[in-house]
Ligand SMILES: Cc1cc2nc3c(=O)[nH]c(=O)nc-3n(C[C@H](O)[C@H](O)[C@H](O)COP(=O)(O)OP(=O)(O)OC[C@H]3O[C@@H](n4cnc5c(N)ncnc54)[C@H](O)[C@@H]3O)c2cc1C
């Protein structure tokens, strides 16, 4: 089968690899002249780790990343708000914090040896004939026709609306700024740590292992803020911001010292994406283009990796038409993804909103409930990405 993949992100590279490894002829088209990772660090869950292991990248990723055993969120008084342990899922369970560039490099380096043709500087602006897709880029080149087009152009997808006119991709009113900082002594090892002041302040630290360029151990530090305040953050007094963060969380002071200026912090905004069915005949949306959410649960890259690997499995020796196979794939993936779309949507205001209402709901309802037996285990299943209605295929079963 000839496959065209749009987007050299986690989902696009994963899908290109999974399909090429199954013998398909894959062309990967990326808008940027030099594809690059966006943002600073992310948390790989057991689901994403299993998908990477199936792609043959599990050991490399584990060797470079940092094991995460728990999520520890507290308010300003030190009281626990979120306390989720991977051991509630499985005795030796853990996630891996990883520098985005490390994950990107591992996937990117595997493309050539797997036989994937990568074409950069090809921003796809139009898809002609969703049954036998031809991908047109902005310089007027036509790529294809393909038997299958996989559209993995991210949550801000420019192709989604034309493919699925009823789709919605509402931008969240809150986002975050991120940076990496050295943690040579591993002070932050083992946990994703967060501090909250009501739902208006959220600051977090995620160990991400050794960066791609240095042997130094790093953490990703993030600060949540309304999108409307982002320009003011970049134009404002960075030292005053540091003083504010230090007041909220004194232990973070050594990390703040290493941050030179606001421009060194990556801007992150997110969208809540709902498209209905992900495929239009033989043209299929995956990853954030199909189901982007807020990163509150740290699942987006994991879901995209599972999308990718299960796509390769589904088209391995498929005997039905591409359209029927794509529709069956989508129906199956949805039983996993819908849980995360719903829980992310429901939980985000508890951690990113103005006023005291949602913080009160969190304090009086969410936190006590999350500690009760049964709900605690459910919370661990959701954290680890392993909650799914229906069956896990062997290739992605965590
Ligand atoms: C602040 C923040 C923190 C996060 N933390 C986590 C976490 O801890 N764990 C986790 O699993 N996920 C996390 N995520 C989510 C994760 O980053 C995304 O879900 C994941 O990157 C989605 O991958 P993707 O391949 O679908 O899209 P993307 O990574 O967005 O890749 C899209 C690619 O398509 C290219 N492209 C776009 N348009 C075109 C076009 N027209 N033609 C050709 N190419 C095009 C882009 O240049 C890009 O290379 C976080 C996200 C944010 C914003």
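The values are calculated or read from the model by the stated rules, or taken from the named source; none is laboratory data. These numbers come from a predicted model, not from an experiment. Glycine gets a Cβ as well: all are built from the backbone with ideal geometry, and neighbour counts include every protein chain shown.
Summary table below
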{"item": "Out of 235, 240, 253, sole residue that is touching a helix residue (DSSP H, G or I) at 6+ places or on another chain (Cβ under 6 Å) and either more than 21 Å from residue 81 (Cα to Cα) or without any contact (Cβ under 8 Å) to a residue 40 or more places away in the chain (or both)", "result": "253"}
{"item": "Hey, residue 4 more than 10 Å from the ligand (Cβ to nearest atom) and surrounded by fewer than 24 Cβ atoms within 10 Å (Cβ to Cβ) or not", "result": "no"}
{"item": "Residues satisfying the stated conditions in the range 119-132, i.e. within 14 Å of the ligand (Cβ to nearest atom), within 26 Å of residue 278 (Cβ to Cβ) and surrounded by fewer than 19 Cβ atoms within 10 Å (Cβ to Cβ)", "result": "119, 120, 123, 125, 126"}
{"item": "Among the residues listed as 349, 368, 373, the single one being more than 16 Å from the ligand (Cβ to nearest atom), surrounded by fewer than 22 Cβ atoms within 10 Å (Cβ to Cβ) and under 30 Å from residue 229 (Cα atoms)", "result": "349"}
{"item": "Any hit, the range 71-81, residues being in a loop (DSSP other than H, G, I, E, B), in contact with a helix residue (DSSP H, G or I) (Cβ under 9 Å, 6 or more places away or on another chain) and surrounded by fewer than 21 Cβ atoms within 10 Å (Cβ to Cβ)", "result": "yes"}
{"item": "Only one of 204, 166, 158 that is within 13 Å of the ligand (Cβ to nearest atom) and outside the structural domain of residue 254 (by TED's automatic domain parsing)", "result": "158"}
{"item": "Residue list for the range 46-63, filter: more than 22 Å from residue 116 (Cβ to Cβ), surrounded by fewer than 19 Cβ atoms within 10 Å (Cβ to Cβ) and in contact (Cβ under 8 Å) with a residue 24 or more places away in the chain", "result": "62"}
{"item": "Listing of strands (runs of 3 or more DSSP E) fully contained in the range 126-180 that carry 1 or more residues being farther than 30 Å from residue 296 by Cα and in contact (Cβ under 8 Å) with a residue 24 or more places away in the chain", "result": "134-137, 148-151"}
{"item": "Meets criteria (more than 24 Å from the chain's Cα centre (by Cα) and crowded, with 17+ Cβ neighbours inside 10 Å) for residue 135", "result": "yes"}
{"item": "Answer residue from the range 27-43, given it is closer than 15 Å to residue 9 by Cα and part of a strand (DSSP E or B) and is nearest to the ligand (Cβ to nearest atom) among those", "result": "42"}
{"item": "Of all residues making up the range 211-229, the number that are modelled with pLDDT of 90 or more and more than 16 Å from the ligand (Cβ to nearest atom)", "result": "2"}
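The rows are residues; the columns are (1) within 13 Å of the ligand (Cβ to nearest atom); (2) surrounded by fewer than 18 Cβ atoms within 10 Å (Cβ to Cβ); (3) assigned to a loop (DSSP other than H, G, I, E, B).
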site	(1), (2), (3)
272	yes, no, no
284	yes, no, no
289	yes, no, no
307	yes, no, no
311	yes, no, no
316	no, yes, yes
320	no, yes, yes
330	no, no, no
